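Report on the following structure.
The values are calculated or read from the model by the stated rules, or taken from the named source; none is laboratory data. From a predicted model like this one, the values you see are computed outputs, not experimental measurements. All Cβ positions, even for glycine, are placed from backbone atoms using ideal geometry, and neighbour counts span all protein chains on display. Just so you know, the surface numbers come from the protein's heavy atoms only, side chains and all, with ligands and any DNA or RNA stripped out. Shrake-Rupley method; radii C 1.70, N 1.55, O 1.52, S 1.80 Å.
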Amino acid sequence: MFLFFITVELLKKRTEPFTSYHLLEIKEDVGTCWEDLGQALGINLSILQNLKDDYRTNREKANEVLQIWMEKNGTDATVGCLACKLMQIGHKRIAEKLLGM
């Protein structure tokens, strides 16, 4: 648990903005966890329910979750922040891909 805390603290220092390029790189992977990630990113449950109804594929839903998060958080939508959230919901592999590991 202690090592995870250190990792999260280090990830928070990755302050480069999350961009459309990053989105393209991981949206397929995030399709497997888009709803959990949306909740972890603080997206309202009613919005997530609307995404379920409005989009057919998980990839499209993941894309929208990440777009909403980017728009909502502006410059605070960083690679490090998203990697932290991915790790917190148990998707270390996606976080590593995002970080280029």
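Observations, loosely collected:
- Search result, residues across region 49-69 that are of a type outside the set (D, E, K, R), surrounded by 15 or more Cβ atoms within 10 Å (Cβ to Cβ) and assigned to a helix (DSSP H, G or I): L51, N58, A62, N63, V65, L66, I68, W69
- The C-beta contact set for region 43-70 (first residue closer than 13 Å to V30 by Cβ, second residue open to solvent by 80 Å² or more (accessible area, probe 1.4 Å) and among the polar types (S, T, N, Q), distance under 8 angstrom, 6+ apart or interchain) comprises N58/T32.
- Checked against the criterion of being open to solvent by 50 Å² or more (accessible area, probe 1.4 Å), assigned to a helix (DSSP H, G or I) and at pLDDT 95 or above, region 90-98 contains not a single residue that satisfies it.
- Search result, residues across region 1-48 that are modelled with pLDDT of 95 or more, closer than 12 Å to K85 by Cβ and open to solvent by 80 Å² or more (accessible area, probe 1.4 Å): D36, Q39
- Matching option when the condition is closer than 20 Å to T15 by Cα and either open to solvent by 80 Å² or more (accessible area, probe 1.4 Å) or over 11 Å from the mean Cα position of the chain (by Cα) (or both), among K72, K85: K72
- Positions within region 48-101 being small (G, A, S) and under 19 Å from Y21 (Cα atoms), in sequence order: A62, G74, A77, G80, A83, A95, G100
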